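This report concerns only the one structure given below.
The values are calculated or read from the model by the stated rules, or taken from the named source; none is laboratory data. As the structure is a computational prediction, the values presented were derived from the model and not from experiment. So basically every Cβ, Gly included, is an ideal-geometry build from the backbone, and we count neighbours across all protein chains shown. Keep in mind that these areas ignore ligands, DNA and RNA; they rest on the heavy atoms of the full protein, side chains included. Shrake-Rupley method; radii C 1.70, N 1.55, O 1.52, S 1.80 Å.
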Amino acid sequence: MSQPNRELASTFTPAEIEAPLYEKWIAAGYFTPDANSNKEPFTIVIPPPNVTGSLHIGHALEHTLQDALIRMKRMKGFETLWLPGMDHAGIATQNVVEKQLTAQGFSRHDLGREEFVKKVWEWKGESGGAILEQMRRLGDSVDWSRERFTMDAGLSTAVLTIFKKLYDAGFIYRAERIINWCPCCLTALSDIEVEHSDDEGEFVSVRYGDGDMSITVATTRPETMLGDGAVAVHPDDPRYKEMIGKTVLLPLVNRMIPIIADELVDPDFGTGAVKVTAAHDPNDFEMAIRHNVPFIVIMNEYGVMAGTGTEFDGMDRFDARIAVVAKLKEMGRIVAQKRPYIHAVGHCSRCDTTIEPRLSKQWFVKVAPLAKAAGDAVRAGRVKIEPEFLAPRYFEWVDNMHDWCISRQLWWGHRIPVWYGPDDEVLVLGPNEKAPDGYSQDPDVLDTWFSSALWPFSTLGWPDESADLKKFYPTSVLVTGYDILFFWVARMMLFGLFAMDGVPPFRVIALHGLVRDKFGKKMSKSRSNTIDPLEFMDRYGADALRFSLARGANPGTDQTLAEEWVGASRNFATKLWNATRFAMMNGATVEGPLPAIESLNAIDQWILSRLSQTIAQADSLLESYEFARACDLIYHFAWDDLCDWYLELSKESFAKSDAVATKRVLGYVLDQLLRLMHPIMPFITETLWTSLTGGESLVIASWPVAQKTHLNKPAASLVAQLQSVITEVRRFRSDQGIKTSAKIPGRFIAPDQLAPYLGAMAFLLKLESGDFTPSAQLEIGAVKVEFDLVGTIDVVAERARLQKDLVAAEKDLATAKVKLSNESFMAKAPEKVLIEIKERLATTTADIERITVQLAALPSP
RNA sequence: GGGUGCUUAGCUCAGUGGUAGAGCGCUUCGUUUACACCGAAGAUGUCGGGGGUUCGAAACCCUCAGCGCCCACCA
């Protein structure tokens, strides 16, 4: 603390302080973690930012909360580390780059795989750099020099290692399966990449066979009948019992197909008879396996009919649907048509194309055993989900997870490390292994979540036993939105537990909600209600945005955000700026020891007491991820207690005496408060704090500590008394239409203990002492205030006011009396409540008496 | 269909058993040398409906009604 009390600009301009500060922090190396330090580690994983090249409001929220925790922990003496990354393999990235290519007039197929991947890298360099800049503006304290891309050597090694490990343990297998296929993206999609919506369709009932040997099936996808291998009914369905095991004619293709019995069929749905298209429907696939029904593929990868040997070959699947129905109609085989028929249809979450179930050879992860471990880790309390009410969602998913299809027919991503020999040998390669001549690698790449799941340890150097890994794994807390619980969080759990010998990747999963617009609507581009965090930072400053986001962040709950909110936060920052400037102008200092508590006046004692309460509560709230409540608490302490009361009550001291003790106390309170706020509003607090204290940086300052010895009830109740007198007198002045600035003669008649503070009150209330004959008076508790109002007072206003108070007091009295005369209450209510009610009875009785006297004393109208 | 959450002041939300809270907005007054991005004073609620438990319910239980999110193979 060398050069305190440097000057502050008279106006607060966020833009002027924010940019230079970030440079300062980076240059000083505050954010660089040291794996060899003996401090306790605190580690946070950063989810990969989105791929569009600009900071999304959701990431701004996430980053603010994470950074607040990191900054707090650093101040508490932890060795802190983010695990940053720009990973996003997969289709989203590929799509963005492809779009650019299309705009330039060529496709990725012209380029070839290698050139295309190069293009993606170029693009990621640019967009990644842009995002990085934007995050820095937000004030995050990430050491981005540690950032690693999924595709770089370190992570490739991790991917190869885990794949082989899983394969050798029997957790990865290849199988023919019905998968979700997007005929537009030409790729397989995992279950979670498919979005279901209720769409309009047609429910057609078609008669198969003729005469006695006919059966009517109902379907929403008539075109798939070309690939039917059977008709299924429920084994106990009396309508069809006789027909089971016989065959019927499949129209259009004129093939005889068997009628089979399977429990899966719901006899009450449709006609109770289902066509079985083994290669194009997941349910049918399962039945087909049980009953040996052939898999007949009738569509190619583009969703075009192919290989049926009918006139429909070459038609798009939707055209074929219409054509098939038309033809069947012609043949008189349509028994019923229900239209529109609303039913759930799967769509590609990227391009919205209707999903086509498709028979395909894919790689899978057998998740059941892994997911069991992931669920157990939470059940056993080794990993905590905050807030707890979101845990059922996690279990719901982890306990019912389907096997995970991990192969993707993309070019951008980790190539599946499987090689096929000339005679269909299958070889899985680990790091530094080479396939023999004549082997070729699987063309598919891995699902993006496969590599993302490795984040908590691959970024630390795994599979090497690095110093980082030893020190910083498992990570302390994962802060992320609940929407990504299934995509990312659960998968990190799966792989973390597996790869790290049962040690889960994080100790706590702290979930926040989504950011919505001010009407509570989910933000989306089509609604054009998206909020651009950059614009808000331009207009109001990064601190204001951070404070707004943190203040709205109740655990696991969505928050709304609107420009007014951010504006209000900026106002708060300005308030803080001005308060600190005022304090410094009046000589607030951090030099020398804090005076002994007993030597301080009650006002100083009170603010120290409130400060310690605030620190204790805010600290524990931040430690439990209750950002909103912590912010609220700090906000009210700073604005209400410090600015509105303490500074106002201290003005008289500053004006009339040298107020040495108060200057020191004020310096102390601001110093501590700025430390407390630094995690949420790093820029302004840094500027104010360095000016006030001359310290090097809040980033490396210590965290404020609540002082138990500062807690002071008598001082608190004395100040509460002062506050109620001041408020009452102000109210009286206001009701009487006396200007705030007007000085009026007035004096207090008060108990001795208030004597030292009457001057401060008079100063605040603009009361002038002197000889006068009182023309009006107020009684507030034990304090009497006499005024000389030149001219008459507004009796009507005052009477109305007193009447109102009287009514309220009488009501309170009645409530208290009812309770006290209730025998059950007296018998069963706890002592504490009893005393409280009795006190209330006493005070309201006194109030009524006092008000009645005052009313009587008023001149009659 | 399964899971889960929400319903409190005009708006957005806190509040988990003891006299209903905050921010913004609103009304009135005010440029008193920190701050008009401000200050002072003020108004505003059958706490979604209905039952129950309790001396006492916004809070706990049941039920109904709306809204939302996630998951899901209904042909």
message = Can you pull out every residue in the stretch A:417-444 that is surrounded by 14 or more Cβ atoms within 10 Å (Cβ to Cβ) and acidic (Asp, Glu)?
response = A:ASP442, A:ASP444
request  = Can you confirm whether the stretch A:377-387 contains a residue that is of a type in the set (Asp, Glu), farther than 22 Å from A:ASP284 by Cα and without any contact (Cβ under 8 Å) to a residue 40 or more places away in the chain?
outcome  = no
inquiry  = Quick test of your reading of the structure: A:LYS656 fulfils all but one of (1) closer than 19 Å to A:ASN578 by Cβ; (2) surrounded by fewer than 21 Cβ atoms within 10 Å (Cβ to Cβ); (3) more than 10 Å from RNA strand B (Cβ to nearest atom). Name the failing condition by number.
reply    = (1)
ask   = Does the stretch A:766-785 contain at least one residue that is assigned to a helix (DSSP H, G or I), hydrophobic (A, V, I, L, M, F, W, C) and more than 10 Å from RNA strand B (Cβ to nearest atom)?
value = no
key: Where A:LYS518 falls short, out of the listed (1) within 30 Å of A:THR13 (Cβ to Cβ); (2) out of contact with any strand residue (DSSP E or B) (no Cβ under 6 Å at 6 or more places or on another chain)   = (2)
Within the stretch A:391-409, tally of residues that are within 19 Å of the chain's Cα centre (by Cα) and either under 12 Å from A:ALA490 (Cβ atoms) or of a type in the set (Gly, Ala, Ser) (or both) = 3
message = Just checking, does the stretch A:177-190 include any residue being part of a helix (DSSP H, G or I) and crowded, with 22+ Cβ neighbours inside 10 Å?
response = no
query = Among the residues of the stretch A:848-856, is any within 11 Å of RNA strand B (Cβ to nearest atom) and in a helix (DSSP H, G or I)?
reply = no
query = Is one or more of the residues making up the stretch A:787-794 in a loop (DSSP other than H, G, I, E, B), within 14 Å of RNA strand B (Cβ to nearest atom), open to solvent by 50 Å² or more (accessible area, probe 1.4 Å) and of a type in the set (Asp, Glu)?
reply = yes
message = Looking only at helices (runs of 4 or more DSSP H) that lie completely in the stretch A:53-156, which have at least 2 residues being within 30 Å of A:LEU698 (Cα to Cα) and modelled with pLDDT of 80 or more?
response = A:57-75, A:113-138
Identity of the residue in the stretch A:272-306, within 7 Å of RNA strand B (Cβ to nearest atom) and not small (Gly, Ala, Ser), that ends up modelled with the highest pLDDT = A:LYS275
inquiry  = Just to be sure before I move on: is A:ARG516 of a type in the set (Lys, Arg), within 30 Å of A:GLU16 (Cβ to Cβ) and either crowded, with 16+ Cβ neighbours inside 10 Å or within 16 Å of RNA strand B (Cβ to nearest atom) (or both) in the structure I sent?
reply    = no
task = Check the stretch A:468-477 and report whether any residue there is closer than 20 Å to A:TRP404 by Cα and surrounded by 24 or more Cβ atoms within 10 Å (Cβ to Cβ).
result = no
Selection count, the stretch A:585-605, where residues are within 16 Å of RNA strand B (Cβ to nearest atom) and either open to solvent by less than 30 Å² (accessible area, probe 1.4 Å) or within 24 Å of A:LEU711 (Cα to Cα) (or both) = 3
query = Quick one: is A:ASP644 within 12 Å of RNA strand B (Cβ to nearest atom), open to solvent by 10 Å² or more (accessible area, probe 1.4 Å) and not hydroxyl-bearing (Ser, Thr, Tyr)?
reply = yes
note = Of the residues in the stretch A:380-416, those that are within 30 Å of A:LEU622 (Cα to Cα) and buried (at least 21 other Cβ atoms within 10 Å of the Cβ) come to A:VAL383, A:ILE385, A:TYR394, A:VAL398
ask   = If we scan the stretch A:337-344, do we find a residue that is within 30 Å of the chain's Cα centre (by Cα) and either under 15 Å from A:PHE171 (Cβ atoms) or open to solvent by 40 Å² or more (accessible area, probe 1.4 Å) (or both)?
value = yes
ask   = Of the residues that sit in the stretch A:226-266 and are assigned to a helix (DSSP H, G or I) and among the charged types (D, E, K, R), which one is surrounded by the fewest Cβ atoms within 10 Å (Cβ to Cβ)?
value = A:GLU242
Filter result (open to solvent by 10 Å² or more (accessible area, probe 1.4 Å) and under 18 Å from A:MET585 (Cβ atoms)) within the stretch A:664-688 = A:ARG664, A:TYR668, A:ASP671, A:THR687
ask   = Does the stretch A:819-834 hold any residues that are near RNA strand B (Cβ under 9 Å from one of its atoms), in a helix (DSSP H, G or I) and either open to solvent by 50 Å² or more (accessible area, probe 1.4 Å) or closer than 28 Å to A:ALA856 by Cβ (or both), and which are they?
value = A:LYS819, A:GLU823, A:SER824, A:MET826, A:ALA827, A:LYS828, A:LYS832, A:VAL833
key: Number of the exception - A:ILE322 against (1) within 21 Å of A:ILE355 (Cβ to Cβ); (2) within 16 Å of RNA strand B (Cβ to nearest atom); (3) among the hydrophobic types (A, V, I, L, M, F, W, C)   = (2)
ask   = Among the residues of the stretch A:192-214, is any basic (Lys, Arg) and farther than 30 Å from A:THR353 by Cβ?
value = yes
key: Residues satisfying the stated conditions in the stretch A:201-213, i.e. assigned to a strand (DSSP E or B), open to solvent by 30 Å² or more (accessible area, probe 1.4 Å) and more than 15 Å from RNA strand B (Cβ to nearest atom)   = A:ASP210, A:MET213
key: One residue from A:VAL253, A:VAL231 being more than 14 Å from RNA strand B (Cβ to nearest atom), in contact (Cβ under 8 Å) with a residue 40 or more places away in the chain and among the hydrophobic types (A, V, I, L, M, F, W, C)   = A:VAL253
inquiry  = Just to be sure before I move on: is A:LEU673 under 26 Å from A:PHE763 (Cβ atoms), within 16 Å of RNA strand B (Cβ to nearest atom) and of a type outside the set (D, E, K, R) in the structure I sent?
reply    = yes
ask   = Would it be correct to say that A:SER624 is within 22 Å of the chain's Cα centre (by Cα) and modelled with pLDDT of 95 or more?
value = no
note = Exactly one of A:ALA715, A:ALA742, A:ALA701, A:ALA750 is in contact (Cβ under 8 Å) with a residue 24 or more places away in the chain, open to solvent by less than 40 Å² (accessible area, probe 1.4 Å) and in contact with a strand residue (DSSP E or B) (Cβ under 6 Å, 6 or more places away or on another chain), and that one is A:ALA750
ask   = Can you pull out the residues in the stretch A:800-818 that are surrounded by 15 or more Cβ atoms within 10 Å (Cβ to Cβ) and within 8 Å of RNA strand B (Cβ to nearest atom)?
value = A:ASP812, A:ALA816
note = By residue number, the members of the stretch A:483-513 that are among the aromatic types (Phe, Trp, Tyr), within 15 Å of RNA strand B (Cβ to nearest atom) and open to solvent by less than 40 Å² (accessible area, probe 1.4 Å) are A:TRP488
